[in-house]
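Peer 1: Got a structure for you, written out below as structure tokens; questions coming shortly.
The values are calculated or read from the model by the stated rules, or taken from the named source; none is laboratory data. Since this is a predicted model, take the numbers as computed values, not measurements. Here Cβ is always computed from backbone atoms with ideal geometry, including for glycine, and neighbour counts include all displayed protein chains.
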Amino acid sequence: MTLQTAKPKKSSPTPWKERLQSGSFLSAVGLAFAVVWSALTFWLFPQYMQNRSGFPAVMYRTEKGICGISPDGKGEAFCPELLINHPVPVPDGDWLIGQELNSRQQTEAPSGGKRFIIAADKRGKVLKRIIGSEGFEPFIVSADGQWLYAFDTQSLQEPAQLRIGRWFWPNGTLTLVPVKGLQVRSTINAFALSPNGKLAVIVVDNGTMLQVAEVGNEIWTIQGQIATSLLMSGSPAWLDNGRLLVLARQITDYSVSWKFWEIDIIQNTQRQLPSSELELAGEMALSPDGKTVVATVREPKHPERQSLWRVELDGQTPPKQLTYGPSDSMPVWDK
């Protein structure tokens, strides 16, 4: 007698209502929802909030215009195609100022031309030109955000007649403030206001001399001068009301790399700060707490390329690369 195995019957398709109630279907729906929610939470929502809030704390110039990035290097850069040079954020405000550009390639004013200083919001929308600002540079903002200052570039040709342009922010008109007692052998390079707004340091002769001026409403008066053994790059940054941070190298040092130096204008001393072996390219921005610098750095194998790095002034924390070039420059830290 032969036993025959019964063939299994084909199961009929599960009705859609039954599948809807099954655990496998609900699991698939839950997984799909989780994926969509993750995308919204970790990508779309941060991008939306960044576009609403505007530039992160560190801003810089790129081939695309002005960009912003978080100081910790997390997240993507915010680049709204704002075409300006030398961005300067107004402290505790929603404004950003800089020299207007007509194209991404333009870095200098046309021959015989003068650029205006323009004001934009921190989402990259240009709002207005600063009245009477053509022919003035570079711009700095007082720590309280109430005043804008810049060199009258015509007066740079006659240092004894140096004038500072001053605007009350945001709607003030131009006032020319003379500088009394300035001594210059060759060039006037940069200047910086102290945190309390009472002093200004004017860098002359490529940093071999610093002129310390008392800042008044009607006149700036030179109170003293400090001779250094340094060649400086860019503008100094105030660590406090008596100390400066500068990018510099010894006069006898013919290398192309710059180092961080601290200058005490009260004690008339200078010292090199410990730093990494990065090829610093000559531009920096100091953090509001005075402990961290964002600096331009050259690539060792491609010196024509430069990016931004975060450097701790304690000399112990390893530096961190924030951007990857190829021509990132003019960093500034929003305060």
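Peer 1: How many residues does region 311-335 hold that are surrounded by fewer than 17 Cβ atoms within 10 Å (Cβ to Cβ) and at positive phi?
Peer 2: Looking only at that region, the number is 1.
Peer 1: If P326 meets every condition in (1) touching a strand residue (DSSP E or B) at 6+ places or on another chain (Cβ under 7 Å); (2) over 27 Å from G145 (Cβ atoms); (3) of a type outside the set (A, V, I, L, M, F, W, C) apart from one, which number is that one?
Peer 2: Of the numbered conditions (1) touching a strand residue (DSSP E or B) at 6+ places or on another chain (Cβ under 7 Å); (2) over 27 Å from G145 (Cβ atoms); (3) of a type outside the set (A, V, I, L, M, F, W, C), the odd one out for P326 is (1).
Peer 1: Out of everything in region 232-256 that is of a type outside the set (A, V, I, L, M), touching a residue at least 40 places away in the same chain (Cβ under 8 Å) and assigned to a loop (DSSP other than H, G, I, E, B), what residue ends up being surrounded by the fewest Cβ atoms within 10 Å (Cβ to Cβ)? Before you say what the answer is, go through the steps one by one.
Peer 2: So the first thing to find is which residues in region 232-256 are of a type outside the set (A, V, I, L, M), and the list is 233-236, 238, 240-243, 249-250, 252-255.
Add one more test, that the residue is touching a residue at least 40 places away in the same chain (Cβ under 8 Å), and what stays is 233-236, 238, 240-241.
Keeping just the survivors that are assigned to a loop (DSSP other than H, G, I, E, B) gives 240-241.
Details: D240: 11, N241: 13.
Only one residue tops the list, namely D240.
Peer 1: In addition: Mind listing just one residue for me: the one in region 76-109 that is assigned to a loop (DSSP other than H, G, I, E, B) and closer than 18 Å to G325 by Cβ and, of those, modelled with the highest pLDDT? Outline the logic, then answer.
Peer 2: From region 76-109, those assigned to a loop (DSSP other than H, G, I, E, B) are 76-77, 83, 90-94, 101-109; that's our starting set.
Filter once more, so that each one left must be closer than 18 Å to G325 by Cβ: 76-77, 104-105, 107.
Numbers: E76: 90, A77: 93, R104: 49, Q105: 48, T107: 48.
By that ranking, first place goes to A77.
Peer 1: Let me ask something else. Residues of region 126-164 being in contact with a helix residue (DSSP H, G or I) (Cβ under 9 Å, 6 or more places away or on another chain) and hydroxyl-bearing (S, T, Y), which ones?
Peer 2: Passing the criteria: only S155.
Peer 1: Do you know which residues across region 169-228 are outside any strand (DSSP E or B) and in contact with a Gly (Cβ under 7 Å, 6 or more places away or on another chain)? I'd like the intermediate steps shown before the answer.
Peer 2: Step one: list which residues in region 169-228 are outside any strand (DSSP E or B), which gives 169-174, 181-187, 194-198, 205-208, 216-219, 228.
Selection gives W169, T173, L174, T228.
Peer 1: Looking only at region 131-151, count every residue that is in a loop (DSSP other than H, G, I, E, B) and hydroxyl-bearing (S, T, Y) and tell me the total. Step through it out loud before you land on a result.
Peer 2: The first filter runs over region 131-151 and keeps only residues in a loop (DSSP other than H, G, I, E, B), leaving 131-135, 142-146.
If we keep only those that are hydroxyl-bearing (S, T, Y) too, we end up with 133, 142.
Matching residues across region 131-151 total 2.
Peer 1: Can you name the residue in region 177-189 that is at pLDDT 95 or above and among the aliphatic types (A, V, I, L, M) and, of all such residues, is surrounded by the most Cβ atoms within 10 Å (Cβ to Cβ)?
Peer 2: Here the answer is V179.
Peer 1: Residue under question is W258, and the condition is that it be modelled with pLDDT of 95 or more and over 20 Å from F136 (Cα atoms); does it hold?
Peer 2: Numbers: modelled with pLDDT of 95 or more: no; over 20 Å from F136 (Cα atoms): yes.
No; evaluated as a whole, the condition is false for this residue.
Peer 1: Yes or no: V293 in contact (Cβ under 8 Å) with a residue 40 or more places away in the chain and β-branched (V, I, T)?
Peer 2: Working: in contact (Cβ under 8 Å) with a residue 40 or more places away in the chain: yes; β-branched (V, I, T): yes.
Yes, satisfied.
Peer 1: Considering only region 54-69, I want to know if a residue exists there that is out of contact with any strand residue (DSSP E or B) (no Cβ under 9 Å at 6 or more places or on another chain) and either at pLDDT 55 or above or closer than 24 Å to G132 by Cα (or both). Please lay out each step first, then the result.
Peer 2: Pass one, region 54-69, residues out of contact with any strand residue (DSSP E or B) (no Cβ under 9 Å at 6 or more places or on another chain): none.
No, region 54-69 contains no residue that is out of contact with any strand residue (DSSP E or B) (no Cβ under 9 Å at 6 or more places or on another chain) and either at pLDDT 55 or above or closer than 24 Å to G132 by Cα (or both).
Peer 1: State all residues of region 243-253 that are of a type outside the set (K, R) and either under 21 Å from the mean Cα position of the chain (by Cα) or modelled with pLDDT of 95 or more (or both); if no residue qualifies, say none. Lay out the reasoning, then the answer.
Peer 2: From region 243-253, those of a type outside the set (K, R) are 244-248, 250-253; that's our starting set.
If the condition is that a residue be of a type outside the set (K, R) and either under 21 Å from the mean Cα position of the chain (by Cα) or modelled with pLDDT of 95 or more (or both), then L244, L245, V246, L247, A248 are the ones that fit.
Peer 1: Oh, and also: Using the structure shown, decide if W169 is at pLDDT below 90, surrounded by 15 or more Cβ atoms within 10 Å (Cβ to Cβ) and among the hydrophobic types (A, V, I, L, M, F, W, C). Explain how you work it out, then say what you get.
Peer 2: Numbers: at pLDDT below 90: yes; surrounded by 15 or more Cβ atoms within 10 Å (Cβ to Cβ): yes; among the hydrophobic types (A, V, I, L, M, F, W, C): yes.
For W169, the condition - at pLDDT below 90, surrounded by 15 or more Cβ atoms within 10 Å (Cβ to Cβ) and among the hydrophobic types (A, V, I, L, M, F, W, C) - is met.
Peer 1: Take the conditions in contact with a helix residue (DSSP H, G or I) (Cβ under 6 Å, 6 or more places away or on another chain), charged (D, E, K, R) and either modelled with pLDDT of 90 or more or within 23 Å of G242 (Cα to Cα) (or both) and apply them to R123. Does it pass?
Peer 2: On the way: in contact with a helix residue (DSSP H, G or I) (Cβ under 6 Å, 6 or more places away or on another chain): no; charged (D, E, K, R): yes; either modelled with pLDDT of 90 or more or within 23 Å of G242 (Cα to Cα) (or both): yes.
No.
Peer 1: I've got another one for you. State which residue is surrounded by the most Cβ atoms within 10 Å (Cβ to Cβ) when the search covers only region 143-155 and only residues that are among the polar types (S, T, N, Q) and within 16 Å of I202 (Cβ to Cβ).
Peer 2: S155
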